[in-house]
Amino acid sequence: MEASLLDPDPPPDAPPAGAAAGSAASTRPAPRGPGDDPDVDRWLVGRVVAGDVEAYEELLRRHRDRIYRIALRVLADPADADDVTQDIAIQLWTGLSSFTGSAAFTTWLYRVVVNRCLNLRRRRRRTEELTEATHPTAPGPEARVVAGQELEAGIAALADMPEELRVALVLIQLEGLSYAQAAAVLKVPEATVRGRLARGRAQLVKSMRSWS
């Protein structure tokens, strides 16, 4: 099922604390702060919903690398990850009215990226025969940086896992989300996330046993 659009409830127009006041502030996106800043994200979303193109571009600058990184780890294919990143960049312009502000923008974004990746994989399984082309052996960008056969084996092992185990590992082990944050992204209880992570870790250890 595609990432659903939540009931529209756009954030207020007022910029977060510290942003410039006055008419200029209402037409320019807030400056990027160090790390994640949910208040800045929330204000930028409000400006995008109001039709501010500069705010949309700033929101993409802040989160594009994150979107690609998650997609690459879930899909294990740089071309597919790039396609998902492009699709979501377009969706941000048309779909942000669904962001109610009941959770952090990054939680909403993680959910959209994961759902889009899983939908892509499911469509592929319905239309393609599983071959070596589905899980290419050539290392992607991260593998080329580290340049090691062990890393390639780890990426392949992660790609071969069941979806729910792989996503739990990506969100918690690789992206550093807490159990509560991952549960909010996946809309499941924390206990379910913990169980999936434990099974995913056990499967990864088993797959990588020959490298120990």
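Just grab the label-to-label distance for Ala191 and Lys206, each label 7 Å out from Cα along the Cβ direction, in nm (one decimal).
It is 2.4 nm.
Treat each spin label as a single point 7 Å out from the Cα along the C-beta direction, and report the Thr107 to Leu174 distance in nm.
Label-label distance for Thr107 and Leu174, simple model: 2.3 nm.
Bear in mind these aren't lab numbers, they're just calculated from the coordinates by the rules spelled out. All figures in this text were calculated on a predicted structure; none of them were measured in a lab. Heads up, the Cβs are rebuilt from the backbone with ideal geometry, glycines too, and the neighbour counts pull from every protein chain shown.
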